[in-house]
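Report on one structure; see the data block that follows.
Rule-based calculations on the coordinates, nothing more; no lab input. Note that the structure is predicted; figures quoted are calculated from it, not measured. Here Cβ is always computed from backbone atoms with ideal geometry, including for glycine, and neighbour counts include all displayed protein chains.
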Amino acid sequence: MSVVSSLTFISNQPIQRDRRPMSEKVVGILGVRGGQLGRMLAASASLLNVKVIILDAGEHAPAKQIVAPSAPHLTHVDGSFADPDKIRELASKVDILTVEIEHVDAATLEEVRVASQGSELAIHPSPLTIQIIQDKFWQKQHLSSHGLPVYEFLEVKSSVDAVHGAAQNLGLPLMLKSRTLAYDGRGNFVLRSLDQTEEAISALGDRPLYAEKWVPFVKEIAVMVVRTAEGEVQSYPVVETIHKENICHLVFAPLRSRDPLLSQKARSIAEKAIRAFSGAGVFGVEMFLMENGDIFVNEIAPRPHNSGHYTIEACETSQYENHLRAILSLPLGSTALKVPSAAMLNLIGHSSSMEEITKITNTALNTPGASVHLYGKSECRKGRKMGHITLVAESDAQLRARLRPLLQSLPESSS
Ligand code: ATP
Ligand code: MG
Ligand code: MG
């Protein structure tokens with residue numbers, strides 16, 4: 001074919017080529033009210049021409065702001081991830097269901113899975129995986145039974161005697177945790193003395209509880225793992241996570257350690273943990289690093305994770321894109337870092353005013369290597385994740401120098 005005729009051939013096709021979707025499949029996301037993970041997943045989907053429908057109670061939810069409904073039958077659903085009818089409605093509109101939160105109604109997802117057998121509908125990760133992970137006690141039992149290192153834990157009834165028994169068994173301080181609906185440490189109570197037992201029980205409400213032995217860790221680390229429906233797993237680099245008041249504050253990638261084998265060990269544990277579940281997608285594996293180099297799994301998130309935000313700018317394929325690739329059965333992308341050093345700073349609301357967030361955002365706009373992500377949340381509240389900043393640099397020293405003015409822009413109590 002001559003150059004001219006091949007150009008003619010191309011020019012006859014452009015509209016069809018541009019409109020061809022990456023995948024014909026429509027993805028439905030069970031969203032948490034005002035969630036940022038669904039927003040970043042939807043942003044990633046739009047780059048791949050993947051159609052997305054969001055189930056979220058907010059009409060102008062962060063994720064819905066990103067993707068406009070692309071056809072009348074593809075309109076978003078206003079409702080809760082815990083409402084069976086809304087989940088069924090979403091399922092009727094999509095080819096693949098996925099989640100941005102683990103606290104969804106897993107029983108309805110399982111019912112939808114059973115009812116859809118023989119059809120094309122897929123649910124990722126599997127309802128069983130979500131069911132195990134959403135109960136942190138079952139999750140720990142599951143990990144333990146698959147030979148993963150977890151610190152001592154036991155079931156405990158919501159009574160003074162039962163908590164005293166657990167404290168006798170595991171010692172003080174004792175970490176009392178709600179088995180379900182926990183996030184950002186809401187659902188944890190550190191029992192330092194037996195006098196606090198009643199306060200702990202009333203603070204944790206009527207929710208089923210379990211207890212964990214106090215872990216004297218030196219660092220918290222995390223690894224994102226992406227898993228295909230067939231069970232192939234690939235891990236991202238190990239990161240250090242720094243929490244403040246139980247909320248992730250800073251993430252550093254990659255983890256620096258004098259032990260050259262530590263990162264490989266952490267990645268192997270994280271991969272093994274995710275092999276123990278079923279279904280496709282990305283998973284966040286939170287771990288404790290001990291003084292002697294031992295590693296214990298804290299918990300797993302069956303979805304994109306705060307500790308993986310940095311992958312958008314710092315890795316060859318972001319956690320969001322790899323989640324989509326995994327659930328759409330597309331080839332997985334490389335999880336390698338593409339910069340020598342990276343950090344992620346969460347922008348946490350300090351009060352009802354957006355002023356502090358705006359201040360640090362302006363500093364970031366003047367910082368080389370900084371990328372600002374704002375989540376489009378309608379209201380700022382103390383403790384609410386309003387956005388994050390990713391920093392990339394050529395070295396750790398450069399990263400620290402770039403991070404300093406950002407930390408200095410934070411309100412006094414949160415820097
Ligand atoms: P997330 O927002 O990550 O889902 P969560 O509410 O599920 O949080 P955990 O991850 O269980 O809560 O705990 C929150 C934080 O509390 C941990 O990141 C860690 O700093 C601390 N922590 C949890 N368990 C223990 C423990 N057994 N011993 C000591 N510290 C702990
Ligand atoms: Mg959790
Ligand atoms: Mg956690």
Would you list the helices (runs of 4 or more DSSP H) that sit entirely within segment 306-372 and hold 1 or more residues that are in contact (Cβ under 8 Å) with a residue 60 or more places away in the chain and farther than 16 Å from residue 283 by Cα?
-> 311-314
Residue 267 being away from ligand 2 (no atom under 16 Å from the Cβ) and assigned to a loop (DSSP other than H, G, I, E, B) = no
Residues in segment 195-203: is at least one in a strand (DSSP E or B) and either within 16 Å of ligand 2 (Cβ to nearest atom) or surrounded by 15 or more Cβ atoms within 10 Å (Cβ to Cβ) (or both)?
-> no
What residue, among those in segment 181-222 that are within 11 Å of ligand 1 (Cβ to nearest atom), in contact with a Gly (Cβ under 8 Å, 6 or more places away or on another chain) and of a type in the set (A, V, I, L, M, F, W, C), is nearest to residue 33 (Cα to Cα)?
-> 181
If you go through segment 194-222 one residue at a time, how many are more than 16 Å from ligand 3 (Cβ to nearest atom) and among the basic types (Lys, Arg)?
-> 2
Breaking point among (1) of a type in the set (A, V, I, L, M); (2) without any contact (Cβ under 8 Å) to a residue 60 or more places away in the chain; (3) crowded, with 17+ Cβ neighbours inside 10 Å, for residue 222 | (2)
Only listed residue being among the basic types (Lys, Arg) and out of contact with any Leu (no Cβ under 7 Å at 6 or more places or on another chain), chosen from 219, 265, 272 = 265
Of the residues in segment 233-248, those that are away from ligand 1 (no atom under 15 Å from the Cβ), among the hydroxyl-bearing types (Ser, Thr, Tyr) and either surrounded by fewer than 20 Cβ atoms within 10 Å (Cβ to Cβ) or not in a loop (DSSP other than H, G, I, E, B) (or both) come to 235
